[in-house]
Amino acid sequence: MPLSVHLTSKKLISEKEVEVLKKKAEKTLRHLKLHHREVSLVFTDNKHIKKLNTQYLGRSHPTNVLAFSFIKEKSSISKLLGEVIISVEKAKEEAEFYRLDFKNYLFALIIHGLLHLLDYNHEKGYFSPFLMLRNELNLLKKLAFKKGKTEIINFIKRREYMPAKLAVNVDHVATVREARKTYYPDPVHAAVLAELGGADGIVVHLRLDRRHIKERDVRIIKEIIKTKLILEMAIDKELIKFAKEIKPYQVTLVPERVEEITTEGGMNLEGRVDEVKKVVKELNEAGIKVSLFLNPDEKTIKLAKKTSAQIIELHTGMYAEAETEEKREEELNKIEVAARLAKDLGFVVHAGHGLNYENIGPIAAIPQIEEFSIGHSIISRAIFVGIKDAVREMKELILRARG
Ligand code: PXP
């Protein structure tokens, strides 16, 4: 028998439902030409999967599916291909939250796990994420249950796994210029060199006090770069007018306090959804995408959905500043959970603040994050190695974290 099924608690799912899913899983194995191999499928709860996630992957939260593949174990004489473990409890929570048919969602998780057993990996490499997604969609199109089929396919499509990009913030070149109120070093030159080093976008923060970047910098950078310009700014009438005139690719809305050294936290959307929504609409109508800089917090991300913003930039500052390993792990977990939620809600997910050459790895490994916004550490390193190399090194670390 190629598929053995284990159910750890009958409270979560009935044996009849398990039998139906087993049949689907067997069909999937036949489609994948794996009917001669054995697979163990376990239906369990959050407590159990959390324990396994912590023990084997160092991620201390309950996840929906885990897969342990034995495909590379050359010494193994057994036909066992691997084990797929699904938290029915987590799947139920997620299916309810995303309004998906429960059975089809469980089936999508089975497919996801089986593809992992075959060494497909959406978290690694450049092509593997696309291949995994294509296979998931093909199998769902052929085999999903009729009820809620379109919804589950659209949901998985939205999860498209993207290679990571690096947007370089050149504010601090202007900080050095403004220290002496000279005309050098020029952030415009930095932007060009950052692109030559492999930057996928250039970020400038036009602060209310214009302490570093000035309107002139934004105008010229927009004119000459070949990638995209991302304008960071607070919600302010004059700045909105300026953004509409310059038309950057994206505006990232950030909170701003006059006395702060740098952006201190994500936006507080409590009681401000309508105001932010209006700004998003105004900028979108000018052809500009809008990103919201937010703390990795479930409530805020759900509120953000109501603003119609396209992108969320998750604040990584608390992770970067964590003083103990334990705290860092806790903050990393929050970012992982928030990234998954934001992606599943249909946002494009970015992350930034305080990221450097030492701490980028675990953040860059989060597959839902498509872009990293990094300034201070790159410009600091550039003093010693030049901008091109500083950008190239950071980009390499990001790509390496993805496999
Ligand atoms: N993202 C946002 C929203 C920011 O305000 C900043 C700082 O300007 C960054 C990213 C970059 O942070 P850092 O300079 O620490 O890399």
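Step by step: first the residues of the stretch 7-58, then only those that are among the aliphatic types (A, V, I, L, M) and in contact with a Pro (Cβ under 8 Å, 6 or more places away or on another chain), then the one that is nearest to residue 92 (Cα to Cα). Which residue is that?
Step by step, filter the stretch 7-58, then rank; the result is 49.
Can you find a residue that is away from the ligand (no atom under 12 Å from the Cβ) and in contact with a Pro (Cβ under 9 Å, 6 or more places away or on another chain) anywhere in the stretch 295-316?
No, that holds for no residue.
So residue 399 clears everything in (1) modelled with pLDDT of 95 or more; (2) aliphatic (A, V, I, L, M); (3) away from the ligand (no atom under 16 Å from the Cβ); (4) more than 20 Å from residue 187 (Cα to Cα) except one condition, right? Which one?
Just one mismatch for residue 399, condition (1).
If only one of 275, 260, 282 is at pLDDT below 95, over 21 Å from residue 227 (Cα atoms) and not small (Gly, Ala, Ser), which one is it?
260
What's the number of the only condition in (1) under 21 Å from residue 203 (Cβ atoms); (2) open to solvent by 10 Å² or more (accessible area, probe 1.4 Å); (3) free of Cβ contacts under 8 Å to residues at least 60 places away in the same chain that residue 379 fails to meet?
Just one mismatch for residue 379, condition (3).
With the requirement that a residue be within 13 Å of the ligand (Cβ to nearest atom) and part of a helix (DSSP H, G or I), what does the stretch 349-368 give you?
Hits for the stretch 349-368 are 360, 363.
Among 336, 358, which is the only one that is open to solvent by 10 Å² or more (accessible area, probe 1.4 Å) and free of Cβ contacts under 8 Å to residues at least 40 places away in the same chain?
Going through 336, 358 in turn, just one is open to solvent by 10 Å² or more (accessible area, probe 1.4 Å) and free of Cβ contacts under 8 Å to residues at least 40 places away in the same chain: 358.
If you take the residues in the stretch 339-348 that are among the hydrophobic types (A, V, I, L, M, F, W, C) and open to solvent by 10 Å² or more (accessible area, probe 1.4 Å), which one is nearest to the ligand (Cβ to nearest atom)?
My answer is 348.
Since residue 371 meets every condition but one in (1) more than 26 Å from residue 209 (Cβ to Cβ); (2) modelled with pLDDT of 95 or more; (3) acidic (Asp, Glu); (4) away from the ligand (no atom under 16 Å from the Cβ), which condition does it not meet?
All conditions pass for residue 371, except number (4).
Kindly indicate whether any position in the stretch 269-287 is within 16 Å of the ligand (Cβ to nearest atom) and in contact with a Phe, Trp or Tyr (Cβ under 7 Å, 6 or more places away or on another chain).
no
When the stretch 99-116 is examined, which residues are found to be open to solvent by 20 Å² or more (accessible area, probe 1.4 Å), farther than 14 Å from residue 88 by Cα and in a helix (DSSP H, G or I)?
Selection gives 112, 116.
Would you confirm whether or not the stretch 377-389 contains a residue that is more than 13 Å from the ligand (Cβ to nearest atom), under 28 Å from residue 61 (Cα atoms) and assigned to a helix (DSSP H, G or I)?
No; the residues of the stretch 377-389 include none that is more than 13 Å from the ligand (Cβ to nearest atom), under 28 Å from residue 61 (Cα atoms) and assigned to a helix (DSSP H, G or I).
For every residue, the table says whether it meets (1) within 16 Å of residue 85 (Cα to Cα); (2) crowded, with 16+ Cβ neighbours inside 10 Å; (3) hydroxyl-bearing (Ser, Thr, Tyr).
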residue: 3; (1), (2), (3): yes, yes, no
residue: 9; (1), (2), (3): yes, no, yes
residue: 14; (1), (2), (3): no, no, yes
residue: 20; (1), (2), (3): no, no, no
residue: 43; (1), (2), (3): yes, yes, no
residue: 48; (1), (2), (3): yes, yes, no
residue: 52; (1), (2), (3): yes, yes, no
residue: 55; (1), (2), (3): yes, no, no
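Per-residue answers, yes or no, for (1) within 19 Å of residue 144 (Cα to Cα); (2) among the β-branched types (Val, Ile, Thr); (3) outside the structural domain of residue 299 (by TED's automatic domain parsing); (4) more than 31 Å from the chain's Cα centre (by Cα):
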position: 9; (1), (2), (3), (4): no, no, yes, yes
position: 17; (1), (2), (3), (4): yes, no, yes, yes
position: 21; (1), (2), (3), (4): yes, no, yes, no
position: 48; (1), (2), (3), (4): no, no, yes, no
position: 61; (1), (2), (3), (4): no, no, yes, no
position: 69; (1), (2), (3), (4): no, no, yes, no
position: 81; (1), (2), (3), (4): no, no, yes, no
position: 89; (1), (2), (3), (4): no, no, yes, no
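Can you work out which of the residues in the stretch 247-306 that are in contact with a Ser or Thr (Cβ under 8 Å, 6 or more places away or on another chain) and in a helix (DSSP H, G or I) is farthest from residue 371 (Cα to Cα)?
Going through the qualifying residues, I end up with 273.
The values are calculated or read from the model by the stated rules, or taken from the named source; none is laboratory data. Predicted, not measured: the structure shown is a model, and the values here were computed from it. Cβ atoms come from the backbone with ideal geometry, glycine included; neighbour counts cover every protein chain shown. Accessible surface is based on the protein model in full, side chains and every heavy atom, while ligands, DNA and RNA are left aside. Shrake-Rupley method; radii C 1.70, N 1.55, O 1.52, S 1.80 Å.
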